[in-house]
Amino acid sequence: MSSQVILVVEDEPAIREGIRILLGGEGYIVREAASGEEALHQMNDTIDLVILDVMLPGISGIKVCEEIRKTSTVPILFLTAKFQESDKTIGLTAGGDDYLSKPFSYAELIARVKALLRRYCVYREKKQTMALDKDQILTSGRLKIALDRNEVWKNGVPLDLTEIEYRILALLIQHPQRIFSTHTIYESVWNEPYFYSANSTIMVHIRKLRTKIEDDPQNPCYIRNVWGKGYRYETEKPCS
């Protein structure tokens, strides 16, 4: 199941609900906005795709798209009742990535969503690889990690992490907001087949890691539990 986040911006409640149910059934996390103002308020770097109606009350979908493009390269799929070629051109010129005219089939919507997300993931991976090739250092909030020499700093102060703690942190920090099951963490970090009793081993290492990177290990800011699913490196809740 996917944990990618999709923001649906649509003023018609019935359409919004139908899209939410459809995408939720595919495993996506769906956030909703009924206006352009609400959509802009919700935008942050955890959003993986925006489904945006052109005809919105207040700020139009075209204007919303232009505002999003000032700070984000997130894919934008326009929905509209209009179908003239000129309308499509305006939407794409404003920064939209694709265009779907109402009424549309759910199968076509899902196909467009998956294609946009697939291309976006490839783009982000290439961009991250280019950045790492330059200095091999990632910065997130108060943390900085050197991926080429297994070093971590918090507020500029070096942290004394074990090899396992470092590898867990490196795995999570390179894929922010992605949920990693204990199964995946174990096989990625230990490089051996997962077995059920390894769950407690992972919990212990993450607990120790939290005592080193978190201001309050009981209320973690960076490594968050997603109950029943695993762990993720949090970017939506910044450390104060």
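Annotations for the structure displayed:
- Annotation: of all residues in the stretch 1-35 being within 25 Å of Ser60 (Cα to Cα) and of a type in the set (Gly, Ala, Ser), the one that is surrounded by the fewest Cβ atoms within 10 Å (Cβ to Cβ) is Ala14.
- Among the residues of the stretch 191-240, those that are of a type in the set (Phe, Trp, Tyr) and either surrounded by 15 or more Cβ atoms within 10 Å (Cβ to Cβ) or in a strand (DSSP E or B) (or both) comprise Tyr194, Tyr222, Tyr231, Tyr233.
- Given (1) touching a residue at least 60 places away in the same chain (Cβ under 8 Å); (2) more than 21 Å from the chain's Cα centre (by Cα); (3) in a loop (DSSP other than H, G, I, E, B), index of the condition Gly18 fails: (3)
- Considering Phe83, Phe78, the condition of being of a type in the set (Phe, Trp, Tyr) and modelled with pLDDT of 85 or more is satisfied by Phe78 alone.
- Filter pass, Thr73 being more than 18 Å from Gly91 (Cα to Cα) and either under 21 Å from the mean Cα position of the chain (by Cα) or modelled with pLDDT of 95 or more (or both): no
- Restricting attention to the stretch 57-76, the residues that are out of contact with any strand residue (DSSP E or B) (no Cβ under 7 Å at 6 or more places or on another chain) and assigned to a helix (DSSP H, G or I) add up to 5.
- Some residue of the stretch 145-156 being modelled with pLDDT of 60 or more, among the acidic types (Asp, Glu) and open to solvent by 60 Å² or more (accessible area, probe 1.4 Å): yes
- Candidates in the stretch 36-56 are the residues that are touching a Leu at 6+ places or on another chain (Cβ under 8 Å) and part of a loop (DSSP other than H, G, I, E, B); of these, the one that is most open to solvent (accessible area, probe 1.4 Å) is Met43.
The values are calculated or read from the model by the stated rules, or taken from the named source; none is laboratory data. Please read all numbers here as calculations on a predicted model, not as lab measurements. Reconstructed Cβ throughout: ideal geometry from the backbone, glycine too, with neighbour counts over all protein chains shown. Note: areas computed on protein heavy atoms with side chains; ligands, DNA, RNA excluded. Shrake-Rupley method; radii C 1.70, N 1.55, O 1.52, S 1.80 Å.
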